[in-house]
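First up is the structure itself, then whatever we jot down about it.
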Amino acid sequence: MNVEINNPEYKILIVDDVLSNLLLLKVLLSKEKFQISTAMGGREALEKVKQDIPDLILLDVMMPDIDGFEVTRQLRSMPEPYSDISIIFLTALNGTPEVVKGFQIGANDFVSKPFSREELIIRVKHQISLIAAKRIILQQTEALRKSIFARDKMYSVIAHDLRSPMGSIKMMLNLLIMTTSSEAIGSEMYEMLSMANKTTEETFTLLDNLLKWTKSNTGRLNVVYQQSEMVSLAKGVIEVFSKIAELKQVTILLDAPESCDINADRDMIKSVLRNLLSNAIKFSKIGGKIFVHINDDVPEENGEVVVSVEDEGCGISEEAQKKLLNIETHFSTFGTNNEEGSGLGLLLCQDFVTKNGGRLWFTSKEGVGTTFNFSIPKH
């Protein structure tokens, strides 16, 4: 990184118990236009640092009151920004043990006494360039953080404002589909109505996932742990999605014990199951089956319940499997009836499962089907 340095912006504290050394160093560095302050000894140096934090300290090691090693130890034990101050030791102790000790306690560099002007200036400018680069990185990181936060907040507002009217449209279209038939309104009109209903369902799911994703990423979605019964939760979600599955002549079957207790955020777990069932329907063939397995008796999963959603669909290619569950690739594909997806649902599932102390994984074979599994703590 090429960093343009404006020397007058940087403050250097020179610490030495010999006045002639202080004056010499001050003259040399003042010519380079740095802001210079001085301290006669370690105790005064610590007081000066608390009054006005320097960017760099030129610190003599051998001093009668508090030596340079102890000054460094104290600075490194302080909170930021004191602990981050760059330190160059000025020392006549050129032996390897002393140099190693200095770096171990937090020195950034050494300049041996007697020093040459050229060496001193080069080492000082090198440390200042590192400080300048760090400042730029911190500024860019903060700017990026604000930009991402603003973007996520905008997505959240858009999703929130559109979710309510889209939900109303979805309910009306669902009602129309359930109360009419192709014989009553004609096959072409019924097909158009079915397409509108499917598109609305997909859009509503996208908005719901987007709202939850942005809330999670901006820290506005907290995990509320509750003792819940997983089988009844699954039955409720399956009941809703069975109606959607019927449009594709897909059957959803539940394989579970009579009851199964979990300790997790109920809404998050239902959202995970909804997304996995939605995907299973999307990639199932017409007339296929989806199996939801709930297993609370897995020896290797101590204290966990494992929920699996298994389909007999088109499966996932090995190349696509590498991209799945990866936020950087943000992978999505079309379903067996050209159903469109955003790729956000699985990332949301992974986020929610992790937040609840579980894990999400899958197995798939192209042309055979896919099984998504997630674990949830019992206690």
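Readers should treat all values here as calculations from the given coordinates under stated rules, not as data from a laboratory. Everything numeric in this text was worked out from a predicted model, so none of it was measured. Using ideal geometry, Cβ is built from the backbone for each residue, glycine included, and neighbour counts are taken over all protein chains shown.
Using Cα pairs under 8 angstrom and six or more residues apart, how large is the relative contact order of the chain, in percent?
10
Can you tell me which of 351-358, 316-323, 197-204 comes out highest on packing, and rank the rest after it, using the mean Cβ neighbours within 10 Å?
351-358, 197-204, 316-323
Would you please classify the overall shape of region 181-306 from the alpha carbon gyration tensor, given that a ≥ b ≥ c denote the square roots of the eigenvalues, rounded means a/c under 1.5, and beyond that prolate means a/b larger than b/c while oblate covers the rest?
Values: a/c = 2.88, a/b = 1.53, b/c = 1.89.
It comes out oblate by the Cα gyration axes.
May I ask you to compute the full-extension gain from N174 to D261, defined as 0.36 nm times their residue separation minus their alpha-carbon distance, rounded to one decimal in nm?
28.0 nm
Hey, in the GNM for the chain with a 10 angstrom Cα cutoff, which one of V237, V309, V100 fluctuates hardest?
Among V237, V309, V100, the largest mean-square fluctuation in the Gaussian network model of the chain belongs to V100.
Could you work out the mean projected area of the convex hull around the alpha carbons of the chain, in square nanometres to one decimal? Please report the intermediate quantities before stating the final value.
Values: hull surface 111.1 nm².
Quarter of the Cα hull surface area: 27.8 nm².
Below 16 Å, Cα to Cα, which aspartates and glutamates can K101 reach? Residues fewer than 8 away in the same chain don't count.
D60, D67, E70, D109
Show me 247-257, 269-279 ranked by packing, highest mean number of other Cβ atoms within 10 Å first.
269-279, 247-257
Of the listed pairs K26/K48; K198/K285; K248/K282, which have alpha-carbon separations greater than 19 Å here? Don't skip to the end; give the middle numbers.
Values: K26/K48 16 Å; K198/K285 16 Å; K248/K282 9 Å.
In this structure, no pair lies more than 19 Å apart at Cα.
In the structure shown, do any of K243/K289; K33/K125; K289/K365 have a Cα-Cα gap over 22 Å, and if so which?
Values: K243/K289 14 Å; K33/K125 12 Å; K289/K365 16 Å.
Flagged as over cut-off: nothing, all pairs pass.
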